[in-house]
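To start, the structure itself, in structure tokens.
The values are calculated or read from the model by the stated rules, or taken from the named source; none is laboratory data. What you are looking at is a predicted structure, and each value in this text was computed from that prediction instead of being measured. Positions of Cβ are backbone-derived with ideal geometry, glycine not excepted, and every protein chain shown enters the neighbour counts.
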């Protein structure tokens, strides 16, 4: 009986111990779960703090960008206002230079020294006017660029319109005769219609083709150049012994050659693109000594008178001229490179005479 009771108590004690062990294990498991929950909570809190910090940084960047844009806008507006004032001042200077130029050109020189001084003064006024115009265009371009809105988070690229470049061609390789039809020949750097030229001096100061009294002179002259993107060729061109009985006849040709092998041929037409270098003021004395009125030139070219000199020839009042012929270059040639300019006298073939003779005093190429 006693042995049976002992076994019962032993069983009960073992069961109680097992229950205790199970309780300890459950407590340990709950402790681990609580620790994990705490870690998850701390991790979530850390992530939330990081997001808050990121948002604060982004908001600070946005505020900084907005402040920078406002400052840039105010600076641009200030630049625009200053550019407007500068442009107005330059326009006033240009108008004053043009007024001085017109006043000077209206004066009639009384002596050779006065004529030379007047010519130099007019040339200087024209050069000053040209410089003011270039400066005004630069200010206008800067004003336009400043007025453009600045893209957000993109670098600002200011596109300034290209300013014409003038290349004055060296005529020394073909110059063969003095400028002997002017009493006071111009020389050095001069400007006509805001186009700069270089005029040579001495016994070989211009290019002239043959006529009946100068048969030893050539019928054509060629100058080599290397000018990119030409848009216009300006030529100081006149003739000798261009009688008024051949208006509308071809008497010469200007050939432009380009690096790609292309050529642009422009005919020289009597009393459309060229006239005689001088004439008597009285047109009734001799029909062959008077000029025909100039008619409209062909498309793609422009003719204008740029200089007049009052003279006395044989006791009779006369006028001598410097005229400018402009040949415009269009695409695709305007994107190419000009390599040579050839002046041809075709009068023997086209009017069956050695007259007229062509005179070239200066050539300037305008490019962009």
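The listed residues are 365, 329, 360, and the only one of them that is in contact with a strand residue (DSSP E or B) (Cβ under 6 Å, 6 or more places away or on another chain), surrounded by 18 or more Cβ atoms within 10 Å (Cβ to Cβ), closer than 13 Å to residue 226 by Cα and at pLDDT 95 or above turns out to be 365. Of the residues in segment 202-212, at least one is modelled with pLDDT under 95 and in the same structural domain as residue 332 (by TED's automatic domain parsing).
The number of residues in segment 343-357 that are closer than 20 Å to residue 297 by Cα and surrounded by fewer than 23 Cβ atoms within 10 Å (Cβ to Cβ) comes to 4. Against the list (1) touching a strand residue (DSSP E or B) at 6+ places or on another chain (Cβ under 9 Å); (2) in contact (Cβ under 8 Å) with a residue 12 or more places away in the chain, the condition residue 293 fails is (1). Within segment 229-244, being farther than 27 Å from residue 292 by Cβ and surrounded by 19 or more Cβ atoms within 10 Å (Cβ to Cβ) holds for one residue alone: 230.
Do we find that residue 247 is crowded, with 17+ Cβ neighbours inside 10 Å and in a loop (DSSP other than H, G, I, E, B) in this structure? Judged against the criteria, residue 247 is a match.
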